[in-house]
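Read the structure below first, then the notes.
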Amino acid sequence: MKRLFPAPLLSLALWLLWLVLNVSISPGNLLLGALFAVLAPLLMAPLRPLSVQIRRPGTILRLILRVGIDVLVSNLQVARGVWSAGRRAPRSGFVHIPLELRDAHGLAALSMITTVIPGTIWSELALDRSVLLLHVFDLDDEAHFIEHFKQTYERPLMEIFE
């Protein structure tokens, strides 16, 4: 059964989406949607990422809460920086952050976190995954920023994924 339906929930969702988008439950649409729902996951199975093993679910909740708080605080800081740009230009710059995190799922989560937080942009990851290049909107102290980034985001992700 797993061979025919490698992702049964995805198949069901695709079938329902097909029917909703076609706004019809005619026999032809039911059959065509079912065919699409079965074949798409089968053809895309080689592209699916490796399964992940989460080690500390409590850390996930703390990380989500921390990211939420940082999003709010960063929004306010960026807004203040934009409004006061005439008096004091923001000191934006690129920061090289040495990484200990090597897990692909952890790095993907780190990239999403970095993208969500205003004022930071994931610019480049070294081929060996050892250094991350970030652009920061307003950078006061590079060493403090690196330590904050590693403590707040990288360490919890290492606890979760490694």
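How about the stretch 62-156: which strands (runs of 3 or more DSSP E) wholly inside it have at least 2 residues that are without any contact (Cβ under 8 Å) to a residue 24 or more places away in the chain? Show your work before the answer.
Values: elements: 93-98, 120-125, 131-136.
Answer list for the stretch 62-156: 120-125.
Check the stretch 35-56 and report whether any residue there is loosely packed, with under 12 Cβ neighbours inside 10 Å and of a type in the set (Phe, Trp, Tyr). Checking the stretch 35-56: not a single residue is loosely packed, with under 12 Cβ neighbours inside 10 Å and of a type in the set (Phe, Trp, Tyr). Might you let me know whether the stretch 143-153 holds any residue that is over 18 Å from Leu65 (Cβ atoms) and either of a type in the set (Phe, Trp, Tyr) or within 15 Å of the chain's Cα centre (by Cα) (or both)? Yes; the residues of the stretch 143-153 include at least one that is over 18 Å from Leu65 (Cβ atoms) and either of a type in the set (Phe, Trp, Tyr) or within 15 Å of the chain's Cα centre (by Cα) (or both).
Here is a yes/no grid of residues against (1) loosely packed, with under 14 Cβ neighbours inside 10 Å; (2) at pLDDT below 95; (3) under 17 Å from the mean Cα position of the chain (by Cα); (4) farther than 26 Å from Ser51 by Cα:
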site	(1), (2), (3), (4)
Gly86	yes, yes, no, yes
Ile97	no, no, no, yes
Thr115	yes, yes, yes, no
Gly119	no, yes, yes, yes
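The values are calculated or read from the model by the stated rules, or taken from the named source; none is laboratory data. Being a predicted model, the structure only gives us computed values, none of them experimental. Here the Cβ is made from the backbone with ideal geometry for all residues, glycine too, and neighbour counts use every protein chain on show.
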